[in-house]
1. Looking at (1) open to solvent by less than 20 Å² (accessible area, probe 1.4 Å); (2) over 19 Å from Leu849 (Cβ atoms); (3) modelled with pLDDT of 80 or more, which is the only condition Leu559 fails?
2. Could you check, for segment 1002-1025, whether at least one of its residues is open to solvent by 10 Å² or more (accessible area, probe 1.4 Å), polar (S, T, N, Q) and either part of a helix (DSSP H, G or I) or free of Cβ contacts under 8 Å to residues at least 24 places away in the same chain (or both)?
3. Out of (1) outside any helix (DSSP H, G or I); (2) out of contact with any Leu (no Cβ under 9 Å at 6 or more places or on another chain); (3) touching a residue at least 24 places away in the same chain (Cβ under 8 Å), what's the single condition that is false for Ser537?
4. Which ones in segment 88-131 are within 37 Å of the chain's Cα centre (by Cα), among the hydroxyl-bearing types (Ser, Thr, Tyr) and assigned to a loop (DSSP other than H, G, I, E, B)?
5. Go through (1) touching a Lys or Arg at 6+ places or on another chain (Cβ under 6 Å); (2) buried (at least 19 other Cβ atoms within 10 Å of the Cβ) one by one and return the number of the condition Asp378 breaks.
6. Could you tell me whether any residue of segment 895-906 is aliphatic (A, V, I, L, M) and either modelled with pLDDT under 90 or within 30 Å of Gly675 (Cβ to Cβ) (or both)?
7. So, of the residues in segment 159-194 that are open to solvent by 10 Å² or more (accessible area, probe 1.4 Å) and of a type in the set (A, V, I, L, M), which turns out to be modelled with the lowest pLDDT?
8. So which of Phe935, Phe941 ends up being in the same structural domain as Phe621 (by the TED database), more than 23 Å from Ala990 (Cβ to Cβ) and buried (at least 19 other Cβ atoms within 10 Å of the Cβ)?
Amino acid sequence: MRRLPILALLLWICSIFYVGIYLFVGGFLLVRLEVNRTSTCADVLPPGADVARGDFCLKEPRFRRAVVLIIDALKSDFARYDPENTSPRAFENKLPVLDEMASSRPSQSRLYTFRADPPTTTMQRIKGFTTGSLPTFIDVGNNFASSAVLEDNLVHQLGQAGKRVVFMGDDTWVSLFPRKFHRSLPFPSFNVKDLHTVDNGILQNIFPTMEGDDWDVLIAHFLGVDHCGHRFGPDHPAMAEKLTQMDGVIRSVINRLQNDTLLVVMGDHGMTDTGDHGGESLKETDAALFLYSGSPLFPAPSSQVEPEVVPQTDLVPTLALLLGVPIPYSSVGQVLLPLFPHNNSRAAPTGLSQAEALWINVKQVNRFLETYSSMAKDIPADSLSHLQSRFTQLSSQYLSSVSKGAPPSPELVASMQAYLSSVRETCRASWARFSPVKMAAGLLVMGLACVVCYVLSELSLVVLQEGVLKMPVVSGLVVGGAVAAGQIFMWGFVEVLWCVGVVALITEVMVLWRVRRLSLWLSLLPPPLLILLLRCSSLLSDSYVISEGRVVTFLLFTLVLYVPLRLNWDGLLVPGPPPDTQKPPGLLPPSLPLSTVRREGAALLVSVGVLVGCLYLSLSFHSCREEQGSCQPSAFLTPLSRVQDSRMRNLHYVLSLVSLSAWAFLLHRWLRHYGNLNCTSVTVFTARFLLPLASICMGLHWAVSATPEDSFRNLAELISLAQVALPRVAFGLLGLGLLLLWLDPLTVFLKTRAPLNSRAPSMPPPRYRASTGISPQAELHHLIPQLYQRIRRSLEDGGSEGAEADGRPAVEAYGLGTVYSAPLILLCGMLGLGLLLLHPEGMALSFLLMLLQAAAVLHLHTSSSTLSSLQSHSNVFSVPWAPVVLWSLAASQFFHATGHLPTFPSIQWGAAFVGFPQGHSGTVLPATLVTLNTFASHILFAVGCPLLLFWPLVCEVRGTRAGRSGGGDDGEDVVMEMRLRENPQQFSSALLQLTLRYLFICGAQVFASVCAAAILRRHLMVWKVFAPKLMFEASGFIVSSVFLLVGVALVMRVDVAVAGLFQKLLPQNSR
């Protein structure tokens, strides 16, 4: 096998796809420019009135202190109270204190709906309500790694004003605002299974802190409600307990408040009905905001129109002016006017009036707009000009009113509010900006990558013989170096992205140029690729993306039916008519033996039946998108710890345990059936012992995880230890097995025959056979081909040196016929167990269906290729397009059938804590675990892709090759995968072609997502549907390509080991 050329070509193909994705994403998901300037009390905002004093700190602040209670995921529904609701759900009517205060003390308190900007992840929300700026889509990826906030923010302004800010709670704040707090008590935040550690830590410190005098602003961030939602969902008794606890906390804080202290109780985001968040549905964006003061704070309810919804960005300028600090420089929020007295009111002796606060806010936003527009050019010039003219008009009207000594008119106040809203909407629209040049470059590179991948897959044999990569790569590097030199000469720096893009583009063009003559003979797209075309076309429709799970299932079902229909159309499923004896033999058309047609037809029918059954059952494991309305997510997605019905919990556990046992048993049975468990290698040790032990640990871990917290309180420490130890032991066993598999992947047992008794009756030499129960000898019951055909011929040519007197080979090899597929099967089995451990327990049945469906696809492909080869009398190892498309569609289908969706709220964050319930010190490991969980189906089908090449040879034991060959000694030879060793050039070509075809299919889907995002970038659903789909499709391609290379590398590792094995047996004749 030509290992190095294959790996080099595959790495190059993957690299150009990566470059194309990186180029497009760099132009599609740009982060807005951060203005690293800060506001100060001395700032004079144009048009300035008092140059000596500045604008922000002209008057005494309304409040000397503030207590900010952030109840993470405090959904707006949680804060409502309905006295007529006599049977409330777990999350209803559990915070009566908010309604009581708002009703009994309307001049001191208000309750609002607090609307967040997506993405609704905690870190982005903290940034939003401390800086007053708007997030960008790409910020969601930073939720794993909270980097320090560099923009001007409220925490910084409070510290600059000399106010002592004390923080306690979610440790995200400490990483966002390092060394900004007077005192901080952070607690680990990412362990969603821990409902109490953070909250209890706050409760131990908040009241002593409030009773002391060493603070001015107290921030407490509770996490129990959010973690309860992630773990149990909102409608669970644990949520009722947590909300009731928060009700008591708010009451206790109110009782300790001084009249000069403002209380802010708020949620950073909401949650869906399953307890998730991150998207932009109203359930996720609408939180609660409660404001309270011991002294009168609000005007009479009928004196002013109250806002129905308060944007989170509006909290920043409001708190800044109430506490007497400058508004952060980049804030685009609008002050909440009801918190400021009317212009003619004398109720508040200190603080700014509504018009004064609004005027300062308008000037601050205008200053930011001018600064930002001078630094970045992404705000349209006409919009910018319109906003500047409106500000000029407002300035003249306000200054004219002040000069006359009259309060600003209500119309002027409304105009200033409209101006602030216009600025925010303009910025929101402008910051969804794109770079058309980068997007076009990414599209071009990816489009050419798909073309190159398809052409090379069709010309794989010629590509390996002639080599087409060396000169294009050298040419690309030369041109890329020239571009880099030009950048240094013109700009003084190198933009690596463009240089890499040029290298990729030049190499693609050069490769296509070198194979231009050969590619003229390429046939039209085969029919199975029409299914791929439909799949890619569906990605241009938001409704199809929303229903993608069912769409992929339908396409897979359609292609499954196409295979037997095509065989029947070609006359391969119907026995031919009896031959006409009057015609010469040379004129008779080829016909298939009746027994072969029946055997393969039956196998085909069983495979189709299993596939259809798996497709139907897999629909029971789908999750639901927010856009799907009445859709109910699968009950199997609920972790056992969240199932309240003990009968249902026990049933789910039994089903999961049976599925896990079936997974391990089927793998062991297959390896035993093909004679791969006879030797004493470390790989056999892995299959015999490590795999079952890991399965036992997983079953015990599920049992421990399903134990309710209020049960076995005396064994709480032991249960906690088991939750850590059992999954880690399982991970360790599987990791050790993977290492041993790589070190010694052979599962072949060599047996030397004993000398024959010369006085025994002479027996005819046995034919070269592969027996799985057909051998007359008991010791060969699970024996697959005794010996590699090349060895037999070498031994026969060598005379008596390597054979006994009866001509029988002196060495038998157990398991040699599945020498390539057995390590792959074992690898998929161990990876599958590890990935299943990262999923909810109920997904064990889905993983078992995945295994059965993959086996059905392999057998469907085997029967189809067997019948086709029998008719054409060919012995080519090439894998047709149909099974490759089926394999790829199955990966996409089981992405949905394992509870995943191309949306951020559907990410199963709990995977990060399997074996690590106390959380992580870094971000790499949890991000890796969540990635493995999300793309489990992509990983398994990518690693197992080479099985499509090996499976028809593995199933050669049915005797189909003999039937095809028409008898004779050679016709009875069943050497299975050793045929690949006999034809190394065809082996290399077939393996390269298969991997290129799989990469082409995956790359075409990414290219379709890229095109959809580019074409529909101004679509209403772009950030809700198409952008997340692009991110998941691109990530899935990267993961699939990496693990596809892992599978190919294992095949090559086995090939090296097989070569070494035969070098020991035949040092003179081994290749």
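The values are calculated or read from the model by the stated rules, or taken from the named source; none is laboratory data. The shown structure was predicted, so the numbers you read here are calculated from the model rather than taken from an experiment. Cβ atoms come from the backbone with ideal geometry, glycine included; neighbour counts cover every protein chain shown. What goes into the accessible areas is simple: the full protein's heavy atoms, side chains included, and nothing from ligands, DNA or RNA. Shrake-Rupley method; radii C 1.70, N 1.55, O 1.52, S 1.80 Å.
1. (2)
2. No; the residues of segment 1002-1025 include none that is open to solvent by 10 Å² or more (accessible area, probe 1.4 Å), polar (S, T, N, Q) and either part of a helix (DSSP H, G or I) or free of Cβ contacts under 8 Å to residues at least 24 places away in the same chain (or both).
3. (1)
4. Within segment 88-131, Thr120, Thr121 qualify.
5. So Asp378 meets the others, but not (2).
6. No, that holds for no residue.
7. That would be Val192.
8. Just a single option satisfies the conditions, and that option is Phe935.
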